[in-house]
1. Which length gain, in nm to one decimal place, applies between residue 121 and residue 259 when the Cα-Cα distance is subtracted from 0.36 nm times their residue separation?
2. If each residue's Cβ is checked for other Cβ atoms within 10 Å, how do 55, 1, 140 rank with the fewest at the top?
3. Give the whole-number value, in cubic angstrom per residue, of the convex hull volume spanned by the C-alpha atoms of region 60-239.
4. Does region 1-45 come out rounded, prolate or oblate by the C-alpha gyration tensor, with a ≥ b ≥ c the root eigenvalues, rounded set by a/c under 1.5 and, if not, prolate when a/b is larger than b/c and oblate if not?
5. What ranking do 231, 45 get, fewest neighbouring Cβ atoms within 10 angstrom at the top?
6. Please give the peptides 207-215, 149-157, 16-24 ranked by average Cβ packing (other Cβ atoms within 10 Å per residue), highest first, as a rough proxy for protection.
7. Could you tell me which of rounded, prolate or oblate describes region 1-91, using a ≥ b ≥ c as the square roots of the eigenvalues of the alpha-carbon gyration tensor, with rounded for a/c under 1.5 and, failing that, prolate when a/b is larger than b/c and oblate otherwise?
8. Please report, for the Cα atoms of region 78-122, the Rg to one decimal and the Dmax as a whole number; what are they, in angstrom?
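What follows draws every value from the coordinates through simple rules; no lab data is involved. Predicted model only: the values in this text are computed from it and were never measured. A quick note on method: Cβ atoms are made from the backbone with ideal geometry, for glycine too, and the neighbour counts reach across all protein chains shown.
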């Protein structure tokens, strides 16, 4: 945080500890004794939407900064994000930022785009972060809530996240609902954080149900822009190589895709992916 900001006056930190079994509990107790954070606790059976809705109920600020526990903050990440939100000449409901992978060289998220069937993807994922045009300010249909600013007024008007989603699609749904009520969604290219990406075991346990709920609500109501935005910004993405097309076709078979998601997103699969990311970050 900026050095001149005063805790609990200029900003407040609210943490939801949903059944941590590591040193998180004792560390948070230390912070509570210092009165530097407010801690809400669950029993490990909550979800992203419910937990954030509960924290938002006691938050006092005009802007709510949502932040996942699998992120690493960089120097000067917040100030440009907040300036982008406060200085906008439109009614911004949500402002996202650039997320890079643990290697700090490749993009994890630069906004969310949609294909012809309305399926969301992270814009410019996999590209080198220094690719010209990637770190730009842009208007989006949606951004990830792993790190973003949300207008308190917008959050209240939408009554928070739809908690029928369980750890998936609730952020896309929130942004689309906000746009429906004439709130704008922005992306601040000057704010960058590190995101380990879907690192919580069980993160995809409800993926099929979440996807079905999302499709039922929004099929036919989003604009395909997965090709449009890169074309307008002069960025070559995604890679439409033959290998890319073959792999995409294979993974989109329902049975094959389900098997791959189940394998990659098990506790062991996530730990393997994290180990690979950590090794890459040391290269």
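1. Once the chain is fully extended between residue 121 and residue 259, it gains 47.7 nm.
2. Fewest-to-most Cβ neighbours within 10 Å comes out as 1, 55, 140.
3. Here the figure is 123 Å³ per residue.
4. prolate
5. Ranked by crowding around the Cβ, least crowded first: 45, 231.
6. 149-157, 207-215, 16-24
7. prolate
8. 13.4, 36
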